[in-house]
Every structure is written in structure tokens, then in C-alpha cells.
Amino acid sequence: MPAIHSRVAPGESWACWVEAPGRAGLRQATLATPGPGDVLVRALHSGISRGTELLVFRGEVPESEHERMRAPFQEGSFPAPLKYGYASVGVVEQGPQALLGRTVFCLYPHQTRYVVPAEAVHPLPEGLPPARAVLAANMETAVNALWDAAPRVGDRISVVGAGVVGLLAAWLAGRMPGCEVEVVDTNPERRAVAERLGVDFASPQHARPDADLVIHASGNAEGLATALRLAAFEATVLEMSWYGRQAVTLPLGEAFHSRRLTLRSSQVGHVSLPQRARWSHGRRLALALALLRDPALDALLTDAAPFEELPAVLQRLAAGAPQTLCHRIDYS
């Protein structure tokens, strides 16, 4: 492992690359000279996506999705080698006066310093700590899902899968007047996190039936089968999980038709259709950052490690690590 120091040459940087499926390494890179409309950002923190990013790390992105799954500032191509990620928080060291010295969020891979167009960074709102801001991409996904799901006042809502995105979706739904929100997961240790977020918790065996809306975010077929089982007559099951190349078998021959259920997908790449005419990606991300000012959301930041350990962290997370929610990477 190369030594990474806080004092590097002005035009140098270090980035994490997936060298081959299941293996990552750190590479040194020469930064481009910032132009008049660019900013130079020094990273403070970045976040690892337990869903999409680990599918990328394991080389499980289907060939049909190689172009659609490109991250905004990805380098290289699927399956590897490539530089991937989209949850970086840093300080602007060079750029327009209005951004100079500001702490910003950027959909950028794990890298110590980088140059991007000024419009690609989003200043953190007052009251949002940089360490919590690594959840911005996850919160944006949850916001889009709630727009897709369109819950109504007083709905009974089940969220199957207590990962970061599922818990954020439950937290958002729980702030709607009259809504009863229950998070369903096989890991009993998620109960404490759900309760800190102000929502109920149950195991799949004891989950409340007849939900008006079910949001599925567990990432496995058994969870989706549970979601279908919990849905009430003519309810919607919103599928947030992305399975990559994994085939999924569903029990559509049971009560799926007699209960007239709707199964629909949600994906963050496009702004939800009901909002699309008025909301840009930038406006949606600004909302996500503003929502993250609640200190209760620190419950989702369960692990942290220095940037030098990122390749080993990715291997550990890909192997399981069921107790980890958001794993933050810290830069010197």
C-alpha cells in the first residue's frame, strides 16, 4: 500500500480504482489545470454505496447496463479497471470567489483531490456537518422513491430492507402526517436504528400485514417476496433494489393477481415523472442536502476508515459485514 500524505505535490492526487472484479487499489494521478469555470476540491470524506458500488466492485453490472450505469466522473470501463463512486465531500481550494473555501458535495469517485466544473459541486447548507453529507446521494435516492411511491396522509407503510436507502425512505415517510411506518428486516440490530429515526421495526415473521404502500430495498428476492405478502388489496410495491446480473424469482402465482397489486420500479437516474417538469437534478440534490441536517441521521454512519484502507474496506463489505450501514472514508 503506498503512503498517502496530506502534503502532496500541487498537481498530484490519489484515487481508488477497481483493478479487477473483487480487487481495488490506489493509483496516483496528475490533476488537470483548473480552467476559469472549474473548481479544485480537496476531499474530506466520501461514502461507500452498499448496493450499486459493491455490485460494481464485484463485477456484476450486466453488459446491457454498462453505459447507463456510468458514474458522472467515472474513468475506465466496466467491469474493470475503473474509478467509480458518487459521494464525495470536500473543500474548494481553487475556483470562483463565491465557492472558494466552501464545503461542497460532489458526485465524484473516491479521490483525494479533483478538478470538476463549478456547477458540479453543491455547497452544504448551514447546519450540515461534512461527515453526514456523504449520505446525500442516498437521500436523493430516497426522495425520488417517495415521489415515485406517492404515499398519502394516514397510509400504513412498510419498508422491507433496513439498509441506508430503506431507512432514509422510512424516515421520510414517517414525517408525513398520520402515516404508520414499519421497517422490516431480518437483522434485529436494525431495531435500535429504526427507533432512533422514529419508525417501528419488525422481523419478516412478525411484520404488520395489509400495508397501503410497501417499499422494497433489501436487495434480495426473499425480501421482495415479503414485500408482496405485506401489501394490501390494490396496494403498490415500489422496488428500489437493483440486482445487477442476479436473476429474481417471485411468487406471482399466489395472491398477486387476486389482490390486484402493482409492482413498479424506482431509480434515481431520472427525476420522478410527477416532478420532472419543475425539478432539476440540482434542485433535488439541494433538497437532499437540506434534509440531512437532522442529527438523528448520524445513526446511519456506523463505520469509518482512512482513505489508505479503502481497498481492504471494499473487500470486507463485499464479503458481507451485515452490521455496517454507511461506511465513511476519511481523508487526511
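Where a number appears in this text, it was derived from the coordinates with a stated rule and is not lab data. As the structure is a prediction and not an experimental result, all values here were calculated from the model. Ideal geometry is used to build each Cβ from the backbone, glycine not excepted, and the neighbour counts take in all protein chains shown.
Dipole magnitude of the chain about its Cα centre, charges +1 at Lys/Arg Cβ and -1 at Asp/Glu Cβ only, in debye to the nearest 20?
About 320 debye.
So how strong a dipole does the stretch 40-126 carry about its Cα centre when Lys and Arg Cβ are +1 and Asp and Glu Cβ are -1, to the nearest 20 debye?
With Lys and Arg at +1 and Asp and Glu at -1, about 220 debye.
What does the highest-first list of 102-111, 204-213, 323-332 look like by mean Cβ count within 10 Å?
102-111, 323-332, 204-213
Helix 281-291 versus the longest principal axis of the chain: what is the Cα-based angle in degrees, 0 to 90, to the nearest 10?
That helix lies at roughly 80 degrees to the long axis.
Could you tell me which of Phe57, Ala145, Pro188 has its Cα farthest along the dipole of the chain towards the positive end, charges placed at Cβ (Lys, Arg +1; Asp, Glu -1), taken about the Cα centre?
Toward the positive end, the furthest listed residue is Ala145.
Given 0.36 nm per residue, what is the gain on full extension from Leu287 to Arg58 after removing their alpha carbon distance, in nm?
Net length gain for the segment: 79.3 nm.
Counting other Cβ atoms within 10 Å, which trypsin sites (Lys or Arg not before Pro) in the stretch 38-81 have at most 10 and lie in a DSSP loop?
Passing sites in the stretch 38-81 are Arg68.
With the dipole of the stretch 98-180 worked out from charges on the C-beta (+1 for Lys and Arg, -1 for Asp and Glu) around the Cα centre, which of Val115, Ile157, Leu168 lies farthest toward the positive end?
The residue sitting farthest along the positive end of the dipole is Val115.
Filter the trypsin sites (Lys or Arg not before Pro) in the stretch 184-259 down to the DSSP loop ones having no more than 16 other Cβ atoms within 10 Å, then list what survives.
Arg245, Arg259
Taking the Cα atoms only, what angle lies between the long axis of helix 221-230 and the longest principal axis of the chain, rounded to 10 degrees?
Compared with the principal axis, the helix lies near 40 degrees.
Taking 0.36 nm per intervening residue step and subtracting the Cα-Cα distance, what contour gain separates Asp294 from Ser332 on full extension?
11.1 nm is the gain from fully extending Asp294 to Ser332.
Quick check: the distance between the Cα centres of the stretch 261-325 and the stretch 148-202, to the nearest angstrom?
Between the Cα centre of the stretch 261-325 and that of the stretch 148-202, the gap is 15 Å.
Assign unit charges at the C-beta atoms only (+1 for Lys and Arg, -1 for Asp and Glu), then state the dipole size of the stretch 176-309 relative to its Cα centre in Debye, rounded to the nearest 20.
With only Lys, Arg, Asp and Glu charged at Cβ, the dipole is about 720 debye.
Relative to a virtual label point 7 Å from the Cα of Arg68 in the Cα→beta-carbon direction, which members of the stretch 254-296 show backbone nitrogen distances below 12 Å?
265-270
To the nearest 10 degrees, how steeply does helix 310-319 sit against the main Cα axis of the chain, on a 0 to 90 scale?
Roughly 20 degrees, rounded to the nearest 10.
How much length, in nm to one decimal, is gained on full extension between Arg276 and Thr249, taken as 0.36 nm per residue of separation minus their Cα-Cα distance?
Extra length available between Arg276 and Thr249 comes to 6.5 nm.
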